[in-house]
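Peer 1: Take this structure first; my questions come after.
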Amino acid sequence: MRSYGEILQDMRGALIPGMSLLLLPATLLGCGAPITVRPISPEEIASLRMAGDPTPQAYGIEPGDTIALNYTYHPEMKQEEVVRPDGKITANRVGEIHVAGMTTAQLEQVLERATADRLRAPEVTVRILRHGDKHVYVGGEVGKPGLIPYHRGLTALQAILAAGGFQDTARLDSVILVRTDASGQNVVSRTLNLQEVVTSGVKDLLVLAPQDVLYVPRSGIAEADLWVRQHITELIPFIRGAGATLPVAW
């Protein structure tokens with residue numbers, strides 16, 4: 001089974017990280033344009049599910065989290081830090097460290113190596129005291145596009161329902177998921193078939209991760225209706241005003 005990191009690496013550079021994720025490519029969203037993002041595979045669901053609902057040992061520290069740093073034999077080094085939006089903290093006697101994406105065990109090793117020449121037996125324990133507020137973004141053909149509060153176990157369908165549910169114009173079989181890792185550098189985008197979940201009772205197996213973006217595109221019928229309104233219906237008053245004669249079969 002390919003790891004979550006390998007899947008992300010495969011899609012690296014597909015989209016610009018950060019807030020630009022909300023500006024999905026025109027090839028995905030343009031009127032009448034086909035959706036070129038490939039469907040998610042069962043293998044990827046397993047890996048992405050693990051990333052969306054990690055064990056405490058596998059959890060990657062994220063901006064907004066409050067972490068406690070404790071040195072077993074040096075209590076004066078104890079500190080609590082909130083991970084900044086840039087993913088960094090300032091650690092005593094070490095300085096700035098980029099911790100976003102690290103597990104607590106990995107950060108312990110980094111701190112022990114960084115202080116080994118300054119402290120005797122720098123045994124470090126890192127704990128996450130509080131998780132920062134987290135959200136996912138739902139856009140497109142939903143009732144109320146915007147940020148949805150995240151909680152562990154949140155599925156794509158639950159997030160869409162929290163955003164007001166599907167519009168009549170929604171295309172349920174090609175909902176686009178965009179996900180970045182905690183570092184914000186690697187991106188994966190896939191389509192999800194929620195038509196089966198809604199109409200056939202198929203279980204929604206994929207759980208979301210913080211900062212995920214869901215985009216519900218228009219259905220083909222909705223795109224056709226929009227084209228008719230923009231290019232024909234709204235032009236009728238203008239055509240009539242110009243004295244043109246419409247075909248009898250119109």
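The values are calculated or read from the model by the stated rules, or taken from the named source; none is laboratory data. A quick note: this is a predicted structure, and the numbers were derived from the prediction, not measured. Methodologically, a virtual Cβ is constructed for each residue, glycine included, from the backbone with ideal geometry; neighbour enumeration extends over all protein chains shown.
Peer 1: Quickly run through segment 193-231 and pick out the residues that are at pLDDT below 70 and exposed (fewer than 15 other Cβ atoms within 10 Å of the Cβ).
Peer 2: Of everything in segment 193-231, those that are at pLDDT below 70 and exposed (fewer than 15 other Cβ atoms within 10 Å of the Cβ) turn out to be Ile221, Ala224, Asp225, Leu226, Trp227, Val228, Arg229, Gln230, His231.
Peer 1: So Asp86 ticks every box in (1) among the acidic types (Asp, Glu); (2) free of Cβ contacts under 8 Å to residues at least 24 places away in the same chain; (3) farther than 24 Å from Arg120 by Cβ; (4) surrounded by 15 or more Cβ atoms within 10 Å (Cβ to Cβ) but one. Which box is left unticked?
Peer 2: (4)
Peer 1: Turning to a different aspect of this structure: Which of the following residues is closer than 22 Å to Gln57 by Cα and not assigned by TED's automatic domain parsing to the domain that holds Asp86: Gly153, Gly140?
Peer 2: Answer to the selection: Gly153.
Peer 1: Which one is nearest to Arg84 (Cα to Cα) among residues in segment 172-198 that are of a type in the set (D, E, K, R) and touching a strand residue (DSSP E or B) at 6+ places or on another chain (Cβ under 6 Å)?
Peer 2: Arg179
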